[in-house]
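The values are calculated or read from the model by the stated rules, or taken from the named source; none is laboratory data. Since we're looking at a predicted model, the values are computed, not measured. Backbone-built Cβ (ideal geometry, glycine too); neighbour counts: all protein chains shown.
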Amino acid sequence: MKKIFDSLRYGYFSAYWKKKTMAEGSPKCTKLLVAAMDFGTTYSGYAFSFRDRPNDIQTNPSWVAGSAQLMSMKCPTSVLLKPNKEFHSFGYEAENKYAELTEDKEHHGWYLFRQFKMALYETKKLQLDTPVEDIMGKKMPALDIISHSIRFLKNHLWKTIQTRTTGILETDILYVLTVPAIWDERAKQFMRRAANKADISNRQLTVALEPEAASIWCQVVTDDTLTGISEPLAKYMVVDLGGGTADITVHEKLDDGTLKELQKASGGAWGGNEVDKAYTKMFADIVGPEAMEKFRNENMTDYFDLLRDFETKKRTITTDTEGKMTFKIPAVLRELAESGGVKIQEKIEMSPYKKTMTWAGDKLRIDKAAAKTLFDIPLKMLIRHIIKLFAEPNIKDVEAILLVGGFGECALLKAAFEESFSNKRLMIPSEAGLAVLKGAVRFGHLPDLVSTRIARFTIGRRVLKTFKDHHDPSKKIVRDGHERCKDLFSKLIEIDEEVPRYKFIRNFSKPAFPSQEKCVLTLVSSTKRDVVYTTEAECQTLGSLEFTLPKSSDRADKKFAISYFFGETEIHIHVRILKTNEEHETWIDCFTTQLLGKDD
């Protein structure tokens, strides 16, 4: 009988969940248009397609860099605020305006934020007031800066849509926000909060994991280099390389057309920005850190041109060790370097680059072998990590690597992969830097395309249970004559567990004490497989959800059912009070203790 009951219960709640998610864009989106925003560490952009032509994905118009005359399908993730902290501009416009202000010595009091997304990955205890620093070290809440970015992309997208069609309302759009798969729940929830602050409601918002989105797009790309990736039972590793992070997962194409994750997402801060840091450090080693700092602060136009020129050149660096690479260097940087009376060539002779570099006029020439060393740190970390992954028994038979992301277009990186993984088939789609963005649009139309994910953490609920002799004495609490042990971990999902799309767990609970008037459900994650107490060092609170219980002195009257829905990119919870049939539901919110009213 229990098996029959469980089967019926599963069928009911599975049907409930499918019905509920269908209303919010799943399993097939009912909105007229899906628009994805790829908010990257270095570059951001958007793309969209209509419900009747889901694969006819339109990207945003080319952004013009300005002084460097660089055209791109994305623009820098840069936000400029006025001295009163009001939004001024985003992208190339923000950088160019700030550069103009510095030229006229009028930039004091203004705020330019660049490459601030990494704060969400690097901050262990992310809070709503977590700050980020602007280019001069001034701080503002990251939530405000990210919401400005999302609002700009949303408004720019809306203007573009209005020029291409009629009859679309803003409420007809489902927005898809991309996030790295290696982010924790707090960082993902932070992005949702930022989107809410930018006037995107939860009913119009879903979250896509970046390497998943790229994988989804490459399933439909008609590209000879990707032959076989869409065949049933095809297995491949997805390596998404952006400016900030390397985001890695492994997929298998199933017979029903969906994708199954074989290995939990992993990665690290091994993106293209690490190469940029090595490049600017090279100049600091030659001209001196003081001169480099003055160049950046007082000659912003030239500083941005220096970085934009390198952004183009670094993608063309190959394994060829013969010859030299030429970089155009602003004259003012040389003037600053020689202001102390020491010629630039003399400074090079005193630097680690004396045998590999020459600087004549506005041209810096570097031996290709020396230029390659700029890539050493991120490349070595990335290759070492992937070698370790391929040693895992569950993916030893994976024979292909799909390389996507802006940094994935780098020729030197491609060569390193071919050398290190010569027994694997390397696949790089055309416009690899747009694979995540376009895949996120397709995911918005068909979010069921990923049918199974692998849990990155063990997830459980903090519970109070009857105190036993083996429990930690410091955990004992006494109330209403009952002895309870606090902070116990009740496991729901185990790390490395397969989590299907409609995975849910339902259990019944009641308050620990008869006098209890409110209940707080706290979900906790851990990097350990087996957890005893939620206060262990490896644990992190995912969210605490509070609701009111019926007024009664009988615990049985306060019994409630909790359904935890996993398998999505975010965790969803549904609560029903059995006596009153009162129901509440929410995406888990890591930054509030309130459950009620959070399903808007």
Which condition breaks for Tyr175 when tested against (1) without any contact (Cβ under 8 Å) to a residue 12 or more places away in the chain; (2) surrounded by 15 or more Cβ atoms within 10 Å (Cβ to Cβ); (3) not basic (Lys, Arg)? (1)
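Every residue, every condition in (1) aromatic (Phe, Trp, Tyr); (2) free of Cβ contacts under 8 Å to residues at least 60 places away in the same chain; (3) in a helix (DSSP H, G or I); (4) in the same structural domain as Leu33 (by TED's automatic domain parsing), yes or no:
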position: Phe113; (1), (2), (3), (4): yes, yes, no, yes
position: Tyr121; (1), (2), (3), (4): yes, no, yes, yes
position: Gln127; (1), (2), (3), (4): no, no, no, yes
position: Asp144; (1), (2), (3), (4): no, yes, yes, yes
position: Arg151; (1), (2), (3), (4): no, no, yes, yes
position: Gln162; (1), (2), (3), (4): no, yes, yes, yes
position: Thr171; (1), (2), (3), (4): no, yes, yes, yes
Condition set part of a helix (DSSP H, G or I) and aromatic (Phe, Trp, Tyr), scope segment 394-430, selection farthest from Ile383 (Cα to Cα): answer is Phe407
For segment 62-83, how many residues meet the condition of being at pLDDT 65 or above, over 17 Å from Ile135 (Cα atoms) and not small (Gly, Ala, Ser)? 4
Quick test of your reading of the structure: Ser474 fulfils all but one of (1) more than 25 Å from Lys125 (Cβ to Cβ); (2) not in a strand (DSSP E or B). Name the failing condition by number. (1)
Can you find, within segment 317-347, the residue that is nearest to Lys363 (Cα to Cα) among those that are β-branched (Val, Ile, Thr) and in a loop (DSSP other than H, G, I, E, B)? Ile329
Unmet requirement for Cys218, which otherwise passes all of (1) buried (at least 23 other Cβ atoms within 10 Å of the Cβ); (2) free of Cβ contacts under 8 Å to residues at least 24 places away in the same chain; (3) not aliphatic (A, V, I, L, M): (2)
State all residues of segment 376-392 that are closer than 27 Å to Glu290 by Cβ and either surrounded by 13 or more Cβ atoms within 10 Å (Cβ to Cβ) or of a type in the set (Lys, Arg) (or both); if no residue qualifies, say none. Ile377
Which residues, taken from segment 261-299, are within 21 Å of Lys117 (Cβ to Cβ) and touching a helix residue (DSSP H, G or I) at 6+ places or on another chain (Cβ under 6 Å)? Trp270, Gly271, Gly272, Glu274, Val275, Ala278, Tyr279, Arg296
With (1) more than 30 Å from Gln58 (Cα to Cα); (2) surrounded by fewer than 23 Cβ atoms within 10 Å (Cβ to Cβ) as the list, and Thr458 as the residue in question, which single condition is left unmet? (2)
Within segment 533-584, can you find the residues that are of a type in the set (Asp, Glu) and under 29 Å from the mean Cα position of the chain (by Cα)? Glu536, Glu538, Glu546, Glu568, Glu570
Only unsatisfied item for Lys355, checking (1) in contact with a Phe, Trp or Tyr (Cβ under 9 Å, 6 or more places away or on another chain); (2) surrounded by fewer than 19 Cβ atoms within 10 Å (Cβ to Cβ), is (1)
Search segment 87-106 for residues being outside any helix (DSSP H, G or I) and modelled with pLDDT of 90 or more, and hand back the single one that is nearest to Thr42 (Cα to Cα). Gly91
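Based on this model, can you work out whether Ser49 counts as in the same structural domain as Ala187 (by TED's automatic domain parsing), at pLDDT 90 or above and not acidic (Asp, Glu)?
So Ser49 fits the description; yes.
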Test: residue in segment 291-306 that is within 30 Å of Asp397 (Cα to Cα) and either of a type outside the set (Val, Ile, Thr) or at pLDDT below 90 (or both): no
Applying the selection to segment 434-491, what residues are closer than 25 Å to Leu545 by Cβ and touching a helix residue (DSSP H, G or I) at 6+ places or on another chain (Cβ under 6 Å)? Cys485, Lys486, Asp487
Consider Ser515 carefully, then state whether it is surrounded by 14 or more Cβ atoms within 10 Å (Cβ to Cβ), of a type outside the set (A, V, I, L, M, F, W, C) and touching a strand residue (DSSP E or B) at 6+ places or on another chain (Cβ under 9 Å). no
Looking at segment 515-555, which of the residues that are assigned to a strand (DSSP E or B) and touching a helix residue (DSSP H, G or I) at 6+ places or on another chain (Cβ under 9 Å) is modelled with the lowest pLDDT? Gly543
Flagged in segment 185-221 as over 30 Å from Glu431 (Cβ atoms) and either assigned to a loop (DSSP other than H, G, I, E, B) or in contact with a Gly (Cβ under 7 Å, 6 or more places away or on another chain) (or both), in numbering order, are Asp199, Ser201
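Take segment 222-256 and flag every residue that is assigned to a loop (DSSP other than H, G, I, E, B) and buried (at least 16 other Cβ atoms within 10 Å of the Cβ). Spell out the reasoning first.
Taking segment 222-256 first, the residues assigned to a loop (DSSP other than H, G, I, E, B) are 222-223, 227-234, 242-245, 254-256.
Within segment 222-256, Ile229, Ala234, Gly242, Gly243, Gly244, Thr245 meet the criteria.
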Among the residues listed as Glu346, Glu311, Glu335, Glu322, the single one being over 34 Å from the mean Cα position of the chain (by Cα), acidic (Asp, Glu) and at pLDDT below 85: Glu322
Tell me, please, whether a residue that is under 24 Å from Phe390 (Cβ atoms), of a type in the set (Lys, Arg) and outside the structural domain of Pro76 (by TED's automatic domain parsing) can be found in segment 263-281. yes
Does segment 438-446 contain any residue that is assigned to a strand (DSSP E or B), surrounded by fewer than 21 Cβ atoms within 10 Å (Cβ to Cβ), in contact (Cβ under 8 Å) with a residue 12 or more places away in the chain and not assigned by TED's automatic domain parsing to the domain that holds Gly242? no
